[in-house]
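Comments concern the structure below.
The values are calculated or read from the model by the stated rules, or taken from the named source; none is laboratory data. The structure presented is a predicted model; accordingly, all values stated were derived computationally and were not measured. Neighbour counts run over all protein chains shown; Cβ positions are idealised from the backbone, glycine included.
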Amino acid sequence: MSTEISSAHRSHQLGRIFIYGSLIVLAAFYLMPLWVMIVTSLKSLDEIYSGSFIGLPKLITIEAWEKAWGQACIGTACDGLRPYFVNSLLMVIPAVVLSTGIGAINGYILTKWRFPGSNLVFGLLLFGCFLPFQAVILPMAQLLGKLRLSGTIPGLVLVHTVYGISFTTLFFRNYFITIPDELTRAAQIDGAGFFRIFFSVMLPASLPIIVVSCIWQFTQIWNDFLFGVSFTAGQSSPITVALNNIVNVTMGRKQYNVDMAAAMIAAIPTLIVYVVAGRYFVRGLTAGAVKG
Amino acid sequence: MRADPDLISQPGCHPAGASSGISENIGNAVMRSTLSLKDRFTLWLPRLVLSPSLVAVFVGVYLFIAWTGWISLSSSKMVPQYDFVGLEQYVRLWATPRWGTAVANLFVFTALFLTITISVGLAIAILLDQRVRAEGFLRAVYLYPMALSFIVTGTAWKWILNPDLGVEKVVQELGWSSFVFDWITRPEYAIYCVVIAAVWQSTGFAMAIFLAGLRGIDNSIIKAAQIEGAGLPRIYLSIIVPMLRPAFLSVIVLLSYISIKSFDLVLALTNAGPGNATEMPSTFMFSATFRRNQMGVGAASAMMMLMTVAAIIVPYLYSELRETRNEH
């Protein structure tokens with residue numbers, strides 16, 4: 001009897017070792033690229049070429065970060081990533097605010113002010129979530145040209161807002177549908193109008209979904225490359241395009257430490273958002289999976 | 001595409017049928033008495049506020065798709081031409097060897113990317129579901145690549161897979177001096193490098209959806225099966241995994257969508273090379289349109305991509321819709 005218990009105990013322990021062992025090995029695999037990026041960015045070029053890849057730097061230097069931020073050459077300009085970082089900020093902030101605001105009011109209308117055909121409208125909006133953007137970049141380039149917005153940050157803000165509406169509307173619609181209609185009806189009986197109900201009943205109750213929507217849009221727009229590379233050139237590019245240009249420059253000895261520092265600079269804003277508000281990030285991520 | 005109120009609703013939502021909304025109240029009032037100007041305004045205001053979004057999406061999605069479709073039927077090269085040449089550009093597209101490479105790569109890439117991402121993602125989800133310590137931390141570790149840009153991922157992996165200074169060298173220095181890992185420089189293997197980086201980036205996503213599915217399964221099912229004497233692996237294989245069908249469907253559809261549009265990763269990691277060995281439909285479309293002055297061919301390839309995505313997404317949404325119907 002006692003041997004039976006101890007063998008069951010042992011197999012349980014073996015199982016736990018297997019579970020934790022696999023999880024740790026996998027975690028190491030997923031962390032490895034980040035580790036390699038960070039240590040490489042802190043090494044001198046000589047140390048890298050002498051064959052140090054995964055180990056800690058012998059001598060920590062932030063030279064590569066300074067270069068990537070302020071001196072690396074992108075095209076003919078050698079001002080580093082800084083101007084492009086600013087471009088991305090100027091693009092992402094208005095686009096996030098606009099698309100989230102529009103999504104909020106759309107979601108409010110599609111749940112609390114339903115009209116004949118409002119479900120069809122929602123369905124048509126929804127397809128925008130799954131649009132391969134290659135199918136629209138040609139006409140969009142033409143339209144931006146006609147509006148005199150090609151190659152400008154406002155042009156990118158417009159594009160990201162238009163193609164962000166589908167997702168933000170989806171977020172807010174699914175959230176507002178859980179808010180009881182009695183709440184809005186009561187406000188209406190008290191004499192509150194369309195906008196009044198939105199601002200003083202709906203919005204105060206929707207902080208979590210506002211966070212989800214902002215994080216999702218921020219990550220998507222900051223990380224976008226296709227629109228950036230299609231609609232901008234040179235000085236007005238967002239950071240992803242600039243990063244790709246730095247990495248693909250092949251003059252002289254390849255500066256891997258600068259490449260990695262540049263990649264880190266481009267990654268840090270979304271990584272910070274992820275670390276600070278990961279829970280909301282996951283909610284945005286799985287919202288696209290219809291019933292997950 | 002049909003719209004359905006419950007199509008995207010999360011579990012635990014109010015069924016949409018139960019919400020009558022404010023506008024219907026007004027609508028009823030309107031039926032009974034004549035419309036005052038104020039009522040009429042209240043009735044139309046929401047639609048008025050919604051209309052700019054509708055116009056934007058109608059133009060940006062549907063009109064632009066039609067526009068691209070039209071260009072794919074024209075003789076456009078450097079600038080758009082609005083003539084009609086039938087399916088000439090499609091014939092030209094399918095006669096282009098480079099497009100053949102792109103389509104073949106898409107199949108290889110999608111098959112491997114889906115198989116590996118789903119198996120690893122499901123394995124991690126099951127392991128994490130065994131009441132492990134530090135689950136939150138581990139989950140965050142597996143998922144953080146999803147927050148990165150594909151350009152960042154491509155840059156990092158390009159360096160890791162570099163045969164002179166990267167992983168190959170590390171393994172050689174560990175003592176296995178004949179170890180060779182130079183796939184990224186070899187045309188016949190470079191596509192597998194794209195698979196590795198894409199799997200690394202997307203596993204967390206599959207894991208998150210599977211984990212949500214696992215958490216929705218009643219624990220008593222596992223307990224009952226254990227009492228019957230079934231071991232854990234058997235319980236998972238024959239009971240739990242089949243119950244994850246909806247999660248599988250979501251993961252398969254969304255990963256296929258990611259793989260069809262994957263563009264940034266290929267560009268950053270291999271720049272569609274060596275030669276054009278890792279060309280994908282998305283990179284083909286881009287270079288035809290913006291680099292090689294073949295706008296018509298580019299538009300035709302974009303339409304092929306759109307049709308592939310629609311062939312996957314529309315039935316998916318439709319099946320979700322039918323399932324919801326049956327539940328009610």
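Can we say B:LEU138 is crowded, with 24+ Cβ neighbours inside 10 Å and not in a loop (DSSP other than H, G, I, E, B)?
Details: crowded, with 24+ Cβ neighbours inside 10 Å: no; not in a loop (DSSP other than H, G, I, E, B): yes.
Here the answer is no, as B:LEU138 does not meet what is asked.
Output the residue which, of all residues in segment B:146-168 that are under 18 Å from B:LEU265 (Cα atoms) and assigned to a loop (DSSP other than H, G, I, E, B), is nearest to the other protein chains (Cβ to nearest Cβ). Please lay out each step first, then the result.
Our first condition is that a residue be under 18 Å from B:LEU265 (Cα atoms); within segment B:146-168, this holds for B:146-162.
Now drop any that are not assigned to a loop (DSSP other than H, G, I, E, B), which leaves B:148-149, B:161-162.
Working: B:LEU148: 5, B:SER149: 4, B:LEU161: 10, B:ASN162: 8 Å.
Among residues in segment B:146-168 that are under 18 Å from B:LEU265 (Cα atoms) and assigned to a loop (DSSP other than H, G, I, E, B), the one nearest to the other protein chains (Cβ to nearest Cβ) is B:SER149.
Which of the residues spanning segment B:261-282 are surrounded by 24 or more Cβ atoms within 10 Å (Cβ to Cβ) and either of a type in the set (Val, Ile, Thr) or without any contact (Cβ under 8 Å) to a residue 12 or more places away in the chain (or both)?
Passing the criteria: B:VAL266, B:THR270, B:THR278.
For segment A:161-175, name all the residues that are at pLDDT 90 or above, more than 15 Å from A:VAL92 (Cβ to Cβ) and either aromatic (Phe, Trp, Tyr) or outside the structural domain of A:ILE93 (by TED's automatic domain parsing) (or both).
The one that is at pLDDT 90 or above, more than 15 Å from A:VAL92 (Cβ to Cβ) and either aromatic (Phe, Trp, Tyr) or outside the structural domain of A:ILE93 (by TED's automatic domain parsing) (or both): A:PHE172.
Within segment B:253-279, track down each residue that is assigned to a helix (DSSP H, G or I) and closer than 21 Å to B:ALA190 by Cα. First the steps, then the outcome.
Step one: list which residues in segment B:253-279 are assigned to a helix (DSSP H, G or I), which gives B:253-261, B:264-269.
Within segment B:253-279, B:LEU255, B:SER256, B:ILE258, B:SER259, B:ILE260, B:LYS261, B:ASP264, B:LEU265, B:VAL266, B:LEU267, B:ALA268, B:LEU269 qualify.
Between residues in segment B:300-313 that are closer than 18 Å to B:LEU254 by Cβ and residues that are part of a helix (DSSP H, G or I) and of a type in the set (Phe, Trp, Tyr), which pairs lie under 8 Å by C-beta distance while being six or more apart or on different chains?
B:VAL309/A:PHE130; B:VAL309/B:TYR257; B:ILE312/B:TYR257; B:ILE313/A:PHE127; B:ILE313/A:PHE130; B:ILE313/B:TYR257
Contact list please: Cβ distance under 6 Å, first residue in segment A:112-126 and more than 7 Å from chain B (Cβ to nearest Cβ), second residue buried (at least 22 other Cβ atoms within 10 Å of the Cβ), pairs at least six apart or on different chains.
A:SER118/A:LEU110
From the list B:LEU93, B:LEU143, pick out the single residue that is in contact with a helix residue (DSSP H, G or I) (Cβ under 6 Å, 6 or more places away or on another chain), over 30 Å from A:TYR274 (Cβ atoms), in a helix (DSSP H, G or I) and not small (Gly, Ala, Ser). Spell out the reasoning first.
Details: B:LEU143 fails: over 30 Å from A:TYR274 (Cβ atoms).
After applying the criteria, what remains is B:LEU93.
Are any of the residues in segment A:223-236 modelled with pLDDT under 90, among the aromatic types (Phe, Trp, Tyr) and part of a helix (DSSP H, G or I)?
Among the residues of segment A:223-236, not one is modelled with pLDDT under 90, among the aromatic types (Phe, Trp, Tyr) and part of a helix (DSSP H, G or I), which makes the answer no.
Which members of segment A:59-83 meet the condition of being surrounded by 17 or more Cβ atoms within 10 Å (Cβ to Cβ) and either among the aromatic types (Phe, Trp, Tyr) or at pLDDT below 85 (or both)?
Passing the criteria: A:TRP65, A:TRP69, A:ALA72, A:ILE74.
May I ask you to say which residue of B:ALA230, B:ALA225 is crowded, with 18+ Cβ neighbours inside 10 Å and of a type outside the set (S, T, N, Q)? Steps first, answer last, please.
On the way: B:ALA230 fails: crowded, with 18+ Cβ neighbours inside 10 Å.
After applying the criteria, what remains is B:ALA225.
Kindly establish whether B:ALA206 is assigned to a helix (DSSP H, G or I), in contact (Cβ under 8 Å) with a residue 12 or more places away in the chain and within 13 Å of chain A (Cβ to nearest Cβ).
Numbers: assigned to a helix (DSSP H, G or I): yes; in contact (Cβ under 8 Å) with a residue 12 or more places away in the chain: yes; within 13 Å of chain A (Cβ to nearest Cβ): yes.
Spelling it out, B:ALA206 is indeed assigned to a helix (DSSP H, G or I), in contact (Cβ under 8 Å) with a residue 12 or more places away in the chain and within 13 Å of chain A (Cβ to nearest Cβ).
Looking at A:ILE17, A:ILE54, A:ILE48 in this structure, which one is exposed (fewer than 11 other Cβ atoms within 10 Å of the Cβ) and not assigned by TED's automatic domain parsing to the domain that holds A:ALA261?
Numbers: A:ILE54 fails: exposed (fewer than 11 other Cβ atoms within 10 Å of the Cβ); A:ILE48 fails: exposed (fewer than 11 other Cβ atoms within 10 Å of the Cβ).
Of A:ILE17, A:ILE54, A:ILE48, the one residue that is exposed (fewer than 11 other Cβ atoms within 10 Å of the Cβ) and not assigned by TED's automatic domain parsing to the domain that holds A:ALA261 is A:ILE17.
For (1) surrounded by 18 or more Cβ atoms within 10 Å (Cβ to Cβ); (2) out of contact with any Gly (no Cβ under 7 Å at 6 or more places or on another chain); (3) more than 30 Å from A:GLU63 (Cβ to Cβ), each residue gets a yes or a no:
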position	(1), (2), (3)
A:ALA186	no, yes, yes
A:MET202	yes, yes, yes
A:SER230	yes, yes, yes
A:ALA242	yes, yes, no
A:ILE268	no, yes, no
A:VAL273	yes, yes, no
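Let me confirm something: among B:VAL120, B:VAL108, which residue is assigned to a helix (DSSP H, G or I), surrounded by 18 or more Cβ atoms within 10 Å (Cβ to Cβ) and either of a type outside the set (Phe, Trp, Tyr) or not assigned by TED's automatic domain parsing to the domain that holds B:ILE196 (or both)? Talk me through it step by step, then tell me what you get.
On the way: B:VAL108 fails: surrounded by 18 or more Cβ atoms within 10 Å (Cβ to Cβ).
Testing whether each residue is assigned to a helix (DSSP H, G or I), surrounded by 18 or more Cβ atoms within 10 Å (Cβ to Cβ) and either of a type outside the set (Phe, Trp, Tyr) or not assigned by TED's automatic domain parsing to the domain that holds B:ILE196 (or both) leaves just B:VAL120.
Filter segment A:137-167 for residues that are surrounded by 21 or more Cβ atoms within 10 Å (Cβ to Cβ) and small (Gly, Ala, Ser); which is nearest to the other protein chains (Cβ to nearest Cβ)?
By that ranking, first place goes to A:SER166.
From the list B:VAL79, B:VAL171, B:VAL180, exactly one residue is assigned to a helix (DSSP H, G or I), more than 9 Å from chain A (Cβ to nearest Cβ) and surrounded by fewer than 18 Cβ atoms within 10 Å (Cβ to Cβ). Which is it? First the steps, then the outcome.
Details: B:VAL79 fails: assigned to a helix (DSSP H, G or I); B:VAL180 fails: assigned to a helix (DSSP H, G or I).
Of B:VAL79, B:VAL171, B:VAL180, the one residue that is assigned to a helix (DSSP H, G or I), more than 9 Å from chain A (Cβ to nearest Cβ) and surrounded by fewer than 18 Cβ atoms within 10 Å (Cβ to Cβ) is B:VAL171.
Residues in segment B:229-244: is at least one modelled with pLDDT of 85 or more, over 25 Å from B:VAL91 (Cα atoms) and either within 11 Å of chain A (Cβ to nearest Cβ) or not in a helix (DSSP H, G or I) (or both)?
Yes, the conditions are met somewhere in segment B:229-244.
How many residues does segment B:280-299 hold that are assigned to a helix (DSSP H, G or I) and under 17 Å from B:ALA104 (Cα atoms)? Walk me through how you get there before you give the answer.
To start, the set of residues in segment B:280-299 that are assigned to a helix (DSSP H, G or I) comprises B:281-290, B:295-299.
Among the residues that remain, those that are also under 17 Å from B:ALA104 (Cα atoms) are: B:281-285.
Number satisfying all stated conditions: 5.
Restricting attention to segment B:33-65, and to residues there that are at pLDDT 85 or above and more than 9 Å from chain A (Cβ to nearest Cβ), which single residue is farthest from B:ALA288 (Cα to Cα)? Spell out how you get there, then give the answer.
Let us first name the residues in segment B:33-65 that are at pLDDT 85 or above, namely B:44-65.
When the remaining residues are screened for being more than 9 Å from chain A (Cβ to nearest Cβ), the result is B:44, B:48, B:51, B:55.
On the way: B:TRP44: 46, B:LEU48: 41, B:SER51: 36, B:VAL55: 30 Å.
The residue in question is B:TRP44.
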